[in-house]
1. Does A:Gly303 fit the bill of being touching a helix residue (DSSP H, G or I) at 6+ places or on another chain (Cβ under 9 Å), surrounded by 17 or more Cβ atoms within 10 Å (Cβ to Cβ) and not in a helix (DSSP H, G or I)?
2. Considering each residue of region A:52-84, count those that are surrounded by 11 or more Cβ atoms within 10 Å (Cβ to Cβ) and touching a residue at least 60 places away in the same chain (Cβ under 8 Å), and give that number.
3. Select the strands (runs of 3 or more DSSP E) contained entirely in region B:1-98, then report the ones holding at least 1 residues which are more than 13 Å from ligand 2 (Cβ to nearest atom) and within 11 Å of another protein chain (Cβ to nearest Cβ).
4. With B:Glu84, B:Glu47 as the choices, which residue is among the charged types (D, E, K, R) and modelled with pLDDT under 95?
5. Considering only residues that are over 17 Å from A:Leu13 (Cα atoms) and crowded, with 22+ Cβ neighbours inside 10 Å, look in region B:99-126 and name the one that is farthest from the other protein chains (Cβ to nearest Cβ).
6. With the requirement that a residue be within 11 Å of ligand 1 (Cβ to nearest atom) and of a type in the set (Lys, Arg), what does region B:6-42 give you?
7. Looking for something surrounded by 13 or more Cβ atoms within 10 Å (Cβ to Cβ) and assigned to a loop (DSSP other than H, G, I, E, B) - is there at least one such residue anywhere in region A:293-300?
8. In region A:72-116, what count of residues is obtained for those that are more than 22 Å from A:Pro153 (Cα to Cα) and under 38 Å from the mean Cα position of the chain (by Cα)?
Amino acid sequence: MKSIAHKQLFQLLRAFCLEMLREPEVLFWGIVFPVLISIGLGLAFTQSAEAKFHILIVESKPTAVDSLLSLYGHEGKHKGQPAIIWETNDKALGKTQFDFTHSDWESAIISLKRGEADLVIADTPDGLRYRFDPHNSQAQLVYMKLSALLQSPASHDADTNIAVEPLELKGVRYIDFLIPGLITFGIMGSIMWGVSYTIIERRSQKLLRRMVATPMRKSSFLIALMGMRTLMNIVEALILFLFAYLIFDIRIQGNIAALALLFLAGNLAFAGIAILVSSRTSKTEVGTGLINAVQMPMMLLSGIFFSYHNFPEWSISAIKLLPLTAFTDGVRSIFNEGAGWEEILIPTIALSALGLLCFAIGMKRFKWH
Amino acid sequence: MSQIEVRNVVKTFKDVHAVKGISLSIEPGEFVALLGPNGAGKTTLVEMMEGLQKPDSGEILIEGKNWKKHEKDLRKSIGLSLQETRFSEKLTIIETLQLFASFFNLGKERINEVITLTGLESKTKAMVGTLSGGQRQRLALAVALLNNPRTLFLDEPTTGLDPHSRLDLWNILDGLKKKGNTTLILTTHYMEEAETLCDHIIIIDEGKILREGRLKDLLDDKSRNLEELFINLTGKKLSDDDLIEQTK
Ligand SMILES: Nc1ncnc2c1ncn2[C@@H]1O[C@H](COP(=O)(O)OP(=O)(O)OP(=O)(O)O)[C@@H](O)[C@H]1O
Ligand SMILES: [Mg+2]
């Protein structure tokens, strides 16, 4: 009896794998696409620091700024218009370039509104004034840098910024944050679409009905489907990791066995959700809607691309309850913070429990025909 | 004991009375045709016998066993093909058969036997997605025959096939009949299929049995063949498909 069950499971697993491998798009979206995204985003966010700001000068007669500019600046162009360029170099913070152009008040305001200029310097009867929107953090940054520069123009050329020491430890770069997120996000997508779609499609083609008209064990079918996706996710995650390792020198600092366990728990959680989602419908449109309804909030809230700590305080404890958040935070802590068994114990149990619960409810409601 | 016993079975979908109290009894080894126009209730009746739909009331026994208590045993002893099943397009014929064989714990020998029986030898490595309609029907038959079923249900096995492929399928089924180990319940719109293959014919329309019996007992001077009998019974033609008549 036991060997029959094994044989069924093996044959189902084999059939699912064959079908998947014969679908070339699957390999593209599952493997090539995440690698491309990670390379693209990784490169975009790891370029060397270089800042360029546009300052407008509104004045009735030459001011102190002009004399400083004639001393430290040089003639150049800003977006095709003649401008005076003042560059400073700082070993720690990188190059900063200010482009100064003269303007009248009316057009200066228009440029500010359009975001073409960061800040306006205007001469008033009381002296020079900086004009900008104080709620705009970019403008604030420009104001701080520029006012410091104008106060001690000479010091900024001479790499004297000893108070800043760049932090280039492993695990604090954006790419270190991004890669674990891409891995967990990929797992959610691959399982939700892969499992749900396979079920719904087979239901609509009456293949599920044909299969349960045999002595096939229903659980074997679902377990094989989950197993196949998990296998595929292992391959996908390994490939993505390999690329990240080769290109960005990503390392796993924590316990790899713990990571493997957490990985399986995450797969189980999403597989359970996928089975619940697809337990009744035989319309792919309904399936698509349900899958999006599950995925979208997590995609936006779980901190895949940007940290969820920017969300309002009250929402964070709720966000932390989302399975993708728990999964991603756990995987990140192993990658970047050297976490081990202790730290992942709770997320692993919670994710597995969620997966099993959804699986059980899904099985109960499941419409085989 | 009869192979299949159906007692006063009723099935309603919302406001459609698909099966309105049907009783019948089928003996072991009989080949039975359920003959009726579209919407007569053939599929509903057969799927209730197959344990895939539950009757609202009434009783169905296969070899004396009901579906509720003996589902596991019955699944092992019946074979079936549904009116419309699409097998996985990305698997080959042999892979599909291997998959289904594993549900019955069957090995290579039986797979090869059904391949030979259904004449699919040259196509075993072809993807299901590339098969013609007739080849798909044969695959469905091969899957249905895997477990050497004592009771075989085929729901419109030859619909949409050309006369030649239809004849091929009839020959395969005729071979089974000669062996005598199988009871067959077949639904069809084709008079000729019922006449050539089946000794026991059940004509149903609108969820009820109109006539039932051996072919020669059903026919008389007024109804010289099933087509005429059907027109006399209902005032309408059984099927618009006159392909067979034309090719005769
Ligand atoms: N799942 C269902 N829901 C609602 N109505 C149904 C369902 N299944 C069948 N019916 C209705 O029951 C009636 C009998 O359908 P059934 O499929 O049994 O006919 P059939 O004799 O097999 O017809 P065909 O020759 O077209 O296959 C039809 O009127 C059909 O519309
Ligand atoms: Mg039908």
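1. Criteria met by A:Gly303.
2. Number satisfying all stated conditions: 12.
3. B:78-81
4. Residue meeting the stated conditions: B:Glu84.
5. B:Thr118
6. Hits for region B:6-42 are B:Lys11, B:Lys14, B:Lys20, B:Lys42.
7. Within region A:293-300, none of the residues are surrounded by 13 or more Cβ atoms within 10 Å (Cβ to Cβ) and assigned to a loop (DSSP other than H, G, I, E, B).
8. 12
The values are calculated or read from the model by the stated rules, or taken from the named source; none is laboratory data. Predicted model only: the values in this text are computed from it and were never measured. So basically every Cβ, Gly included, is an ideal-geometry build from the backbone, and we count neighbours across all protein chains shown.
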